[in-house]
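Trainee: One structure coming up, written as structure tokens, with questions to follow.
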């Protein structure tokens with residue numbers, strides 16, 4: 001799982017760096033040149049979407065998302081572990097739904113080109129599938145990792 005984590009982290013860093021670079025080109029062009037390239041806004045959006053797709057799993061692994069524990073704090077440790085497991089199962093099921101429905105969305109986009117970059121929109125829509133896979137992989141890894149430890153509560 002460490003290799004997958006590193007790949008997702010590299011994807012997130014690469015996407016974010018590319019987005020920052022494209023936005024810097026756009027700002028520089030608007031300030032110092034007569035016109036900015038027409039493709040920069042679209043490219044920045046796509047890089048941002050992919051940075052979210054790669055970064056979602058990283059956030060799940062690190063426990064960076066908001067966790068409301070209002071109910072869990074009043075439960076016994078055993079009941080709290082069951083609640084955590086049920087929450088993770090619901091998140092994993094949601095990820096499966098995203099993955100399944102995103103595949104047909106990607107297929108629809110294969111025949112459509114983006115206006116500025118003229119790349120297939122299927123590639124752009126593939127970021128939805130990536131997000132679902134990211135959520136599913138790291139949620140299942142979290143369930144598996146906590147199942148082998150004494151403390152099954154999330155951080």
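Where a number appears in this text, it was derived from the coordinates with a stated rule and is not lab data. Note that the coordinates shown come from a computational prediction; the quantities given were computed from them, not determined experimentally. With ideal geometry, Cβ positions are generated from the backbone for all residues, glycine too; neighbour counts draw on all protein chains shown.
Trainee: In degrees, nearest 10, range 0 to 90: what is the angle between the Cα axis of helix 2-32 and the longest Cα principal axis of the chain?
Mentor: 30
Trainee: Continuing with this model, one more query. Within 10 Å, count the other beta carbons around each residue, average over each peptide in 51-57, 88-94, and list them highest first.
Mentor: So the order, starting with the most tightly packed, is 51-57, 88-94.
Trainee: Using only Cα atoms and rounding to the nearest 10 degrees, what angle (0 to 90) does helix 40-62 make with the longest principal axis of the chain?
Mentor: 10
Trainee: Another question, if that's okay. Among 87, 40, which comes first, second and so on when ranked by fewest other beta-carbon atoms within 10 Å?
Mentor: 87, 40
Trainee: Rounded to the nearest 0.05, what FRET efficiency do residue 7 and residue 113 have when you use their Cβ-Cβ distance and R0 = 30 Å?
Mentor: My answer for the efficiency is 0.60.
Trainee: Can you tell me the relative contact order of the stretch 2-147? Whole percent, Cα pairs under 8 Å, sequence separation 6 or more.
Mentor: Result for the stretch 2-147 is 26 percent.
Trainee: Pick from 73, 45, 107: which residue has the top mean-square fluctuation in a GNM of the chain where Cα pairs under 10 Å get a spring?
Mentor: Fluctuation is largest for 73.
Trainee: Sort 122-129, 22-29 for me by packing, meaning the mean count of neighbouring Cβ atoms within 10 Å per residue, highest on top.
Mentor: Descending mean neighbour count gives 122-129, 22-29.
Trainee: What is the gain in length, in nm to one decimal, between residue 143 and residue 69 on full extension, counting 0.36 nm per residue of separation less the C-alpha to C-alpha distance?
Mentor: In short, 24.9 nm is gained.
Trainee: How far is helix 77-109 tilted off the main Cα axis of the chain, in degrees rounded to 10, range 0 to 90?
Mentor: It works out to around 30 degrees.
Trainee: Using only helices, what value at 222 nm comes out for the chain when you add -39,500 (n - 2.57) per DSSP H run of length 4 or more and divide by the total residues, to the nearest 500 deg cm²/dmol?
Mentor: One gets -26500 deg cm²/dmol as the mean residue ellipticity at 222 nm.
Trainee: When Rg is the radius of gyration of the Cα atoms in the chain and Rh is its Kirkwood radius, what does Rg/Rh come to?
Mentor: 1.10
Trainee: Let me ask you something else. Using the number of other C-beta atoms within 10 angstrom as an exposure proxy, rank 42, 34, 112, 118 with the fewest first.
Mentor: Sorted ascending by nearby Cβ count, the order is 34, 118, 112, 42.
Trainee: Now, a different point. At a 10 Å Cβ-Cβ cut-off, how would you order 121, 1, fewest neighbours first?
Mentor: Sorted ascending by nearby Cβ count, the order is 1, 121.
Trainee: Using the Kirkwood formula over every pair of different C-alpha atoms, what hydrodynamic radius in Å results for the stretch 33-79?
Mentor: 14.4
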